[in-house]
Amino acid sequence: MKDDRNATMAEALRLTRDGRLMEATALLQKGLGGAGLPMPAGPVPATLQAQLPLELPLGRPVGLAGNSPLVRPSLNRSGSSPDAAAAASAPGGEIRHLIHSETAGSRTYHFYIPTGYVGAPVPLVIMLHGGTQDATDFAAGTRMNDLAELHTFLVAYPEQSTAANNGRYWNWFRTGDQQRDEGEPAILAGITRRVISDYAVDETRVYIVGFSSGGAMATVMAAAYPDLYAAAGIHSGLAPGAAHDLPSAFAAMQNGGTAGFTIDMPLIVFHGDRDNIVAPINADRVIASRIRAASGFDGQRPPTTTDGGDQPGHSVSRKIYRDGHDKVVAEQWIVDGGSHAWFGGNPVGSYTDAQGPDASAEMLRFFLEHRSRVTAH
């Protein structure tokens, strides 16, 4: 059985290298019991895993369409590039490496304290990395610590463990990890509450961000904890409850997954229109999960659409959705020619596109325009 599994993985790798992505995916689904995404549970031989594309079996084939190259630096054993740690700490603040444990489980997290933090309440941003990434890689690639230095807010980067998912994907597609106070949502909410308890945080300005599988988990958190977060930023993610197992996760990523839950908080969404890992239709599905919950939104009021203004880099289509009270409930940024990468990111991080728009800066701008309706968590 083990030899058959390894042979299947090796053949999928060969097909992927040849650009035969769908054949590789079908082989994995058939040979590994439908384990299309993420990488199957259980150990994969290190010699093979080191060769696998970052998002096998949904990774980019050779000759990815579009003009936004994904940057894959050489990775060390922790998942981050040799330059990522320096980039993450370059702003000058303090990075603490912490662990949070509770009944649902334990996760490590990196915590960035900017030099301007002196004990007065400041905003907090929770950052959820994508599959195969770690906290250092994500911090470097998004440049969120640089923004924390400029605007004085705290940043926490929870890390998925390889014990929970050997590809470091958040388990957004499992029903046991989609509910309030259960599984991974309970752990992530616990990390958020621990930071609020231990540091001076403005509890009306707590936000959550995610990329790829982290984006899918961020929508789960936004749906489950409207009392904990004031707004959410979703980059290349999926709607909450869009899948319930691995096969449905794969289907949602390729064809779009309908939300199983609504999101009752302001939402900003980024997605590349040539993303061949998480189909762009998922951005519409995420927005729909927000619109369904918006107060006074009758579905008849069209969004305001612009070209994104003076953003450098890619051209974009920006839609602004308002409710019946003329309040902004969501923004959607569709990036022309953009693939599965964090826009405006630092190339030392994986899955980044150095061309604009600057997703991190726009998310922060959006966040600081919104406060939660509650003053205590």
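Summary table below
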{"quantity": "Within the stretch 84-367, percent of DSSP bridges classed antiparallel, to nearest 5", "calculated": "45"}
{"quantity": "Point-to-point label distance, Arg174-Ser89, nm (Cα→Cβ direction, 7 Å offset)", "calculated": "3.3"}
{"quantity": "In Å, descending, principal axis extents of the Cα set of the stretch 144-239", "calculated": "35, 25, 25"}
{"quantity": "For a label point 7 Å along the Cα-to-beta-carbon line of Glu369, residues of the stretch 226-249 with backbone N under 15 Å", "calculated": "231-234"}
{"quantity": "Linear extension gain, Thr115 paired with Ala200, 0.36 nm per residue minus alpha-carbon span", "calculated": "29.2 nm"}
{"quantity": "Karplus 3J(HN,Hα) series, Hz, for the stretch 111-125 with 6.51 cos²θ - 1.76 cosθ + 1.60 (x for Gly, Pro)", "calculated": "10, 9, 10, x, 5, x, 6, 10, x, 7, x, 9, x, 10, 10"}
{"quantity": "Stretchable slack from Ala288 to Thr304, in nm (0.36 nm times residue separation minus alpha-carbon distance)", "calculated": "4.2 nm"}
{"quantity": "For Val329, distant residues with modelled amide H under 5 Å away", "calculated": "Tyr321, Arg322, Asp323"}
{"quantity": "Extension gain from Asp326 to Glu102, taking 0.36 nm per residue of separation minus the Cα-Cα distance", "calculated": "76.5 nm"}
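Each reported figure results from applying straightforward, stated rules to the coordinates on display, with no laboratory input. Just so it is clear, the structure is predicted and the values come from calculations on it, not from any experiment. For neighbour counting, all protein chains shown are included, and Cβ atoms are generated from backbone atoms with ideal geometry for every residue, glycine included.
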